[in-house]
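To start, the structure itself, in structure tokens.
The values are calculated or read from the model by the stated rules, or taken from the named source; none is laboratory data. Please read all numbers here as calculations on a predicted model, not as lab measurements. Note: ideal-geometry Cβ built from the backbone for every residue, glycine included; neighbour counts use all protein chains shown.
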There are 2 protein chains.
Amino acid sequence: MQELQNQINLQFHKLRKLLDEQHSKQFRKRFLDMHFYEQGQFFLTLNHEQRLQLYQIMAPDEVGDMFDTLEDDQIDMSKILAEMDLKYASDVLNSMYDDNAADFLEHLDKSEVDRYLALMPRADANQLRGLLHYDTQTAGGLMTTDYVVMRQDLNVKEALDLLRKFAHTAETIYYLYVIDDDNDLVGTLSLRELFTHNEKAILSTIMTSNVISVFVDDDQEAVAQVFRDYQFVALPVVDHAHKLMGIVTVDDVIEVIDDEAQDDYSKLAGVDVDESKSTPLKAASSRLPWLITLLFLGMITATLIAHFEDLLSQASILAVFISLITGTAGNAGTQSLAVAVRRLSLTNNKPQHLWGLLLKELVTGLVIGLITGMTIMIVVGIWKHSFVLGAVIGLAMMAAITVANLAGSLIPMLMAKIGFDPAVASGPFISTLSDLTSVLIYFNIASLFMGFFKGM
Amino acid sequence: MQELQNQINLQFHKLRKLLDEQHSKQFRKRFLDMHFYEQGQFFLTLNHEQRLQLYQIMAPDEVGDMFDTLEDDQIDMSKILAEMDLKYASDVLNSMYDDNAADFLEHLDKSEVDRYLALMPRADANQLRGLLHYDTQTAGGLMTTDYVVMRQDLNVKEALDLLRKFAHTAETIYYLYVIDDDNDLVGTLSLRELFTHNEKAILSTIMTSNVISVFVDDDQEAVAQVFRDYQFVALPVVDHAHKLMGIVTVDDVIEVIDDEAQDDYSKLAGVDVDESKSTPLKAASSRLPWLITLLFLGMITATLIAHFEDLLSQASILAVFISLITGTAGNAGTQSLAVAVRRLSLTNNKPQHLWGLLLKELVTGLVIGLITGMTIMIVVGIWKHSFVLGAVIGLAMMAAITVANLAGSLIPMLMAKIGFDPAVASGPFISTLSDLTSVLIYFNIASLFMGFFKGM
């Protein structure tokens with residue numbers, strides 16, 4: 001991989017030199033030999049002058065192909081478009097797949113958007129404007145309107161001829177969508193199926209009429225789940241009257257799966273893991289707010305312990321086990337949290353059968369608490385030659401684990417219930433919270449047995 | 001979603017009834033109307049007798065299409081195949097895409113595999129046997145050999161005619177792979193490109209000769225990264241002599257991305273989050289080993305605190321801040337761990353620029369420690385009317401956070417360096433380990449200032 005990276009860096013270096021020295025012809029040839037993705041990566045390495053030079057050499061649709069591979073968080077598109085001639089910029093946007101163009105326009109001021117759309121053919125501008133209305137986290141936000149749609153009374157040969165025409169503009173020609181006279185979606189056909197039927201066959205007789213589709217306002221995670229299950233390459237998006245609105249293609253879904261996974265992972269650790277390119281100062285300032293919040297939550301625990309200081313001064317042995325009990329309960333809580341968050345994300349954040357799940361987690365917590373508590377009871381009993389002390393630690397451990405386990409699944413479920421993302425309840429939050437309950441449980445149990453180990 | 005699920009359950013119930021009552025014709029019609037994925041989900045609900053009935057009604061290739069949608073962890077294929085007539089079972093396997101068939105055969109005894117392969121055409125059996133040699137986590141383990149390959153001197157019309165023939169067996173006909181007389185991979189062509197060229201054009205003149213491919217022993221994560229970057233639907237796999245060995249399709253890659261994400265998430269929490277269907281007892285027994293291990297690690301910390309019991313009995317106020325310091329350092333360590341694991345997974349587990357990254361994390365830790373330490377110093381100083389105590393807590397907090405932060409990134413890097421999965425270092429592990437270092441730092445600093453708060 002490292003070798004490949006060096007090759008690419010060398011290639012990019014040569015290309016920049018060609019730009020600087022205005023060898024337009026040589027640049028064009030080499031540039032077009034690269035894959036769109038590599039063109040995009042190359043573009044990200046250019047300075048302002050080099051980019052201006054590139055706009056001179058390449059046509060708008062060639063630049064559009066390249067922009068189709070870039071993400072909206074990699075590039076400040078408002079700045080980039082402003083560098084171009086207005087008509088050129090509008091042509092670039094119009095030549096892109098409209099879901100990608102919409103993702104970029106999302107970040108621009110309304111006046112800027114209007115300026116670019118004004119120079120496009122009316123129909124294209126309207127389609128783009130339509131896409132801008134959808135929430136980016138929904139099927140509508142992911143879909144493209146560059147798809148192939150056909151009437152159900154065409155035959156295979158007519159369909160193939162039409163597909164050939166669409167091949168330049170559609171985002172995929174491998175699925176086509178069949179509509180009736182009311183424009184209702186009535187079937188789908190893959191190019192592969194077209195290929196295996198007689199040229200005279202009528203679409204309505206060979207299409208799959210049991211159409212799997214998603215609604216325009218479905219959450220992107222639900223859309224990704226359908227792709228995973230059915231192994232589709234593209235999926236139609238309909239409104240609630242079952243009119244075809246667009247299609248989602250698999251490349252956009254891979255991004256969704258990736259982003260969602262990274263998001264869950266980040267939240268579990270209470271940190272944005274995508275900070276790799278930032279400076280230590282930036283990293284620190286993104287991690288601090290959460291840490292300081294938890295610090296103040298931890299202060300409540302400290303106040304609570306201070307409340308039991310009298311107990312502690314009489315039996316300092318109790319202090320020895322504070323971190324063992326809080327730590328173990330925190331670990332158990334983190335486990336049950338991760339299981340609950342994952343389960344909620346699989347059921348699309350709808351906490352169904354809430355009580356059943358909680359009961360299950362309660363039993364799991366009790367079993368874990370019982371075994372962990374017994375273990376520590378024996379260990380402490382032998383170590384400190386006091387099975388009463390062992391029993392206190394073991395009992396406290398068991399109760400603390402059961403509570404932390406329950407909190408770990410209850411809190412994300414409650415978050416989901418009141419409409420928050422359950423993943424906001426992070427591992428550090430659960431462990432800090434369970435420190436509090438664990439300390440409370442520990443010292444209350446210890447006070448009951450105070451007579452036994454005063455002065456230990 | 002719930003409504004859809006109810007509909008499907010009802011549908012499945014009706015189908016099972018048709019099987020039980022041996023209404024073969026009606027069953028066939030309804031069954032074939034479902035998508036392959038739904039057929040697979042239905043199959044999972046059947047009992048032994050119902051499955052036997054289904055094998056009577058459906059042809060082997062129809063059962064194969066359904067099995068193509070099932071994962072090897074959803075079904076005990078050894079048992080299922082043994083229910084069938086031997087020839088029928090062999091035909092089912094042969095009609096499946098060979099990457100999927102290989103995934104199932106992976107789990108069978110060698111003698112069973114040989115029995116099924118013996119009844120297949122020699123070439124098919126050899127291809128399947130070949131796939132069984134590859135590590136399941138590599139490109140070779142993901143690839144299929146059901147792809148379309150053509151000589152470079154064919155023209156577009158000949159290519160389209162050939163594709164038509166392959167349409168029944170190939171896993172995708174949307175990409176075709178072009179080879180020279182030595183069988184070396186020299187180019188790729190999408191069906192879309194074929195469609196937009198003249199029928200007389202020769203493949204070698206219109207193909208993309210800058211082929212992006214992966215090696216047969218490349219890790220599956222690296223393969224997934226290429227799909228993400230280039231937005232391919234299929235990708236050729238070559239050996240180190242650049243001979244084409246197979247192709248990986250996007251559906252298999254979605255699974256990889258999903259599995260890897262779930263794996264990282266599970267490891268961060270020290271639990272297998274995919275336990276949703278298990279009983280509380282099973283859940284407890286899968287979570288306990290890790291918890292008990294950490295419990296013993298935590299015992300070392302307890303022993304350490306016991307070592308300072310004298311100090312504690314003289315100044316019980318010190319006990320108040322144990323959980324605050326260990327907790328906050330643990331939270332900071334978890335953050336830096338998650339960032340490090342993610343960074344290592346992006347660079348494909350090769351810890352490059354190790355010292356630079358560690359230095360960066362050290363500075364980040366110092367900044368976080370400084371700010372958190374100052375905050376707690378002021379809070380404790382005001383609360384307890386003692387800025388000496390505040391300074392001790394603040395200083396200990398700063399040092400503990402810096403060390404935990406460094407450990408959070410150092411440990412996964414060391415794991416990667418010695419060839420382990422860096423994600424094995426989980427959040428609970430880092431917090432339990434940092435409890436130990438935090439306590440050590442805290443009491444050592446506290447002993448230095450003992451004179452100031454004896455008896456507090």
Original post:
Residue check: is A:GLU83 buried (at least 20 other Cβ atoms within 10 Å of the Cβ) and closer than 21 Å to A:THR69 by Cα?
Top reply: no
Subject >> Residue within region A:220-242 that is hydrophobic (A, V, I, L, M, F, W, C), facing chain B (nearest Cβ under 9 Å), within 28 Å of B:PHE31 (Cα to Cα) and touching a Ser or Thr at 6+ places or on another chain (Cβ under 8 Å) present >> reply: yes
**OP:** Could you identify the single residue in B:PRO422, B:PRO351 that is more than 12 Å from chain A (Cβ to nearest Cβ), at pLDDT below 85 and surrounded by 24 or more Cβ atoms within 10 Å (Cβ to Cβ)?
**Re:** B:PRO422
Original post:
In region B:51-65, which residues are polar (S, T, N, Q) and surrounded by fewer than 16 Cβ atoms within 10 Å (Cβ to Cβ)?
Top reply: B:GLN56
Original post:
In region A:47-128, which helices (runs of 4 or more DSSP H) lie fully inside it and hold 1 or more residues that are farther than 18 Å from A:ASP252 by Cβ?
Top reply: A:48-57, A:60-67, A:77-83, A:86-95, A:110-118
Original post:
Before we move on, is B:SER204 outside the structural domain of B:LEU128 (by TED's automatic domain parsing), more than 29 Å from B:ALA101 (Cβ to Cβ) and touching a Gly at 6+ places or on another chain (Cβ under 6 Å)?
Top reply: no
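Could you list, in sequence order, the residues of region B:194-214 that are under 29 Å from A:GLN74 (Cβ atoms) and crowded, with 17+ Cβ neighbours inside 10 Å?
Answer for region B:194-214, where residues must be under 29 Å from A:GLN74 (Cβ atoms) and crowded, with 17+ Cβ neighbours inside 10 Å: B:VAL211, B:SER213, B:VAL214.
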**OP:** Run B:ASP184 past the list (1) within 21 Å of A:GLN231 (Cα to Cα); (2) at pLDDT below 90 and report the number of the one that doesn't hold.
**Re:** (1)
Subject >> Tally of residues being crowded, with 22+ Cβ neighbours inside 10 Å and either under 30 Å from A:LEU235 (Cβ atoms) or more than 7 Å from chain B (Cβ to nearest Cβ) (or both) across region A:268-306 >> reply: 2
Original post:
Any idea which of (1) under 16 Å from A:VAL271 (Cα atoms); (2) of a type in the set (Ser, Thr, Tyr); (3) more than 8 Å from chain A (Cβ to nearest Cβ) is the one B:SER386 doesn't satisfy?
Top reply: (1)
**OP:** Return a yes/no flag: does region A:250-258 have any residue that is of a type in the set (A, V, I, L, M, F, W, C) and more than 7 Å from chain B (Cβ to nearest Cβ).
**Re:** yes
Subject >> Residue list for region A:116-172, filter: among the charged types (D, E, K, R) and over 26 Å from A:MET84 (Cβ atoms) >> reply: A:ASP135, A:ARG151, A:ASP153, A:LYS157, A:GLU158, A:ASP161, A:ARG164, A:LYS165
Original post:
Which helices (runs of 4 or more DSSP H) does region A:316-409 wholly contain that include 1 or more residues that are hydroxyl-bearing (Ser, Thr, Tyr)?
Top reply: A:322-346, A:354-383
Subject >> Residues satisfying the stated conditions in region A:17-35, i.e. surrounded by fewer than 18 Cβ atoms within 10 Å (Cβ to Cβ) and either in a helix (DSSP H, G or I) or outside the structural domain of A:GLU83 (by TED's automatic domain parsing) (or both) >> reply: A:LYS17, A:ASP20, A:SER24, A:LYS25, A:GLN26, A:ARG28, A:LYS29, A:ARG30, A:LEU32, A:ASP33
Original post:
So which residues in region B:158-186 are touching a helix residue (DSSP H, G or I) at 6+ places or on another chain (Cβ under 7 Å) and away from chain A (no Cβ under 13 Å), if there are any at all?
Top reply: B:VAL178
Original post:
Taking region B:16-60 only, how many residues are within 14 Å of chain A (Cβ to nearest Cβ) and more than 17 Å from B:SER78 (Cα to Cα)?
Top reply: 13
Subject >> Residue that is at pLDDT 90 or above and among the hydrophobic types (A, V, I, L, M, F, W, C), where the choices are A:ALA416, A:ALA407 >> reply: A:ALA407
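Which strands (runs of 3 or more DSSP E) sit wholly inside region B:152-271 and have at least 1 residues that are of a type in the set (Val, Ile, Thr) and without any contact (Cβ under 8 Å) to a residue 60 or more places away in the chain? If you could, list the steps in order and put the result at the bottom.
On the way: elements: B:175-179, B:185-190, B:234-238, B:244-249.
Output list reads B:175-179, B:185-190, B:234-238.
With surrounded by 19 or more Cβ atoms within 10 Å (Cβ to Cβ), assigned by TED's automatic domain parsing to the domain that holds B:THR69 and in contact with a strand residue (DSSP E or B) (Cβ under 6 Å, 6 or more places away or on another chain) as the only criterion, which of B:ASP98, B:ASP103, B:ASP91 stands out?
Result of the check over B:ASP98, B:ASP103, B:ASP91: B:ASP98.
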Original post:
Do the conditions hold for A:TYR55, that is, is it out of contact with any Pro (no Cβ under 6 Å at 6 or more places or on another chain) and of a type in the set (Phe, Trp, Tyr)?
Top reply: yes
